[in-house]
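Asker: Before I ask anything, here is the structure I am working with.
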Ligand code: ADP
Ligand code: MG
């Protein structure tokens, strides 16, 4: 079953008597065990797309199109049903785990609440699920971490906890919106490696939202490039990054050249000129 199917999604706002489309006729699918990246500059509509999937758009937004998560259509669900769908079928990981973790609750409390509420398991079973999930994401001493508060953990550890909390519910879909943007480079690479390892083990489909095309290159199977609310180019990562068809994709890539790549390109250009 397809993890996520977005068909002709548009998200509009009315500002000063004018309609503005933050998302404009976007279609994306994510299959189980696959990472699909949504990449584009700030303001291109990536977060609005993910908020539409989670049913968390601002009230002022008008939405058209169809979204299906793990076989369930999102449109027309009541608030209650949507909350239930989010809990059971969708895991969410955001840029700053400190804002999604509750500072006054232990990791144990935060990790066991989801399984207890959405999987209907008792406390000991929820604790086992939580501890297994922490082990799975590479937390060295899960039993100790269960008793700690978010501020006692490093940023990278907190993001692992968020990913573990999401995966403990075995969601059809994991939505990760800029999950590594607030982390330093080495930790960022570890968390991205973790996502790649988990997509294979968990079978969840992952929608990875990022402004960083380097993140796409390292993790994603397929990519949709967004600009001003529209998908301008989409396809397998190898195809889109190695032979971009759209000018905007080339611009994103050019802005991301490493020093080595830039030197190689300049050498190639000199070669071509001589
Ligand atoms: P991204 O995540 O790609 O940086 P967003 O999806 O957050 O971009 O934003 C897409 C567009 O929607 C932006 O132009 C932003 O200014 C606009 N936008 C965001 N929230 C609102 C709102 N509540 N009302 C009107 N426009 C909004
Ligand atoms: Mg965003």
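Asker: Name the residues in the stretch 59-69 that are touching a residue at least 40 places away in the same chain (Cβ under 8 Å) and either surrounded by fewer than 16 Cβ atoms within 10 Å (Cβ to Cβ) or not in a strand (DSSP E or B) (or both), would you?
Answerer: 60, 61, 62, 64, 66
Asker: Turning to a different aspect of this structure: May I ask you to verify whether residue 52 is outside any helix (DSSP H, G or I) and either assigned by TED's automatic domain parsing to the domain that holds residue 208 or within 16 Å of ligand 2 (Cβ to nearest atom) (or both)?
Answerer: no
Asker: Looking at the structure I just gave you, is residue 72 away from ligand 1 (no atom under 16 Å from the Cβ) and surrounded by fewer than 19 Cβ atoms within 10 Å (Cβ to Cβ)?
Answerer: Yes.
Asker: A further question follows. Filter the stretch 128-137 for residues that are in contact with a helix residue (DSSP H, G or I) (Cβ under 6 Å, 6 or more places away or on another chain) and farther than 17 Å from residue 89 by Cβ; which is modelled with the lowest pLDDT?
Answerer: So the first thing to find is which residues in the stretch 128-137 are in contact with a helix residue (DSSP H, G or I) (Cβ under 6 Å, 6 or more places away or on another chain), and the list is 129-131, 133-135, 137.
Next cut, farther than 17 Å from residue 89 by Cβ only: 130-131, 134-135, 137.
Working: 130: 94, 131: 95, 134: 94, 135: 93, 137: 90.
It comes out as 137.
Asker: Any idea which of 258, 219 is at pLDDT below 95, over 22 Å from residue 30 (Cα atoms) and away from ligand 2 (no atom under 16 Å from the Cβ)?
Answerer: Numbers: 219 fails: over 22 Å from residue 30 (Cα atoms).
On inspection, the qualifying residue turns out to be 258.
Asker: What number of residues in the stretch 29-42 are surrounded by fewer than 22 Cβ atoms within 10 Å (Cβ to Cβ) and in a strand (DSSP E or B)? Step through it out loud before you land on a result.
Answerer: Going through the stretch 29-42, the residues surrounded by fewer than 22 Cβ atoms within 10 Å (Cβ to Cβ) turn out to be 29, 31-34, 41-42.
If we keep only those that are in a strand (DSSP E or B) as well, we get 29.
The number of residues fulfilling the criteria is 1.
Asker: Among the residues that make up the stretch 91-103, is at least one of them touching a helix residue (DSSP H, G or I) at 6+ places or on another chain (Cβ under 9 Å), surrounded by fewer than 19 Cβ atoms within 10 Å (Cβ to Cβ) and over 18 Å from residue 179 (Cα atoms)?
Answerer: Yes, the conditions are met somewhere in the stretch 91-103.
Condition check ((1) assigned by TED's automatic domain parsing to the domain that holds residue 204; (2) within 16 Å of ligand 2 (Cβ to nearest atom); (3) touching a residue at least 40 places away in the same chain (Cβ under 8 Å)) across all residues:
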| position | (1), (2), (3) |
| --- | --- |
| 19 | yes, no, no |
| 30 | yes, no, yes |
| 33 | yes, no, yes |
| 37 | yes, yes, yes |
| 77 | yes, no, no |
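The values are calculated or read from the model by the stated rules, or taken from the named source; none is laboratory data. What you are looking at is a predicted structure, and each value in this text was computed from that prediction instead of being measured. Every residue, glycine as well, gets a Cβ built from its backbone with ideal geometry; the counts of neighbours run over all protein chains shown.
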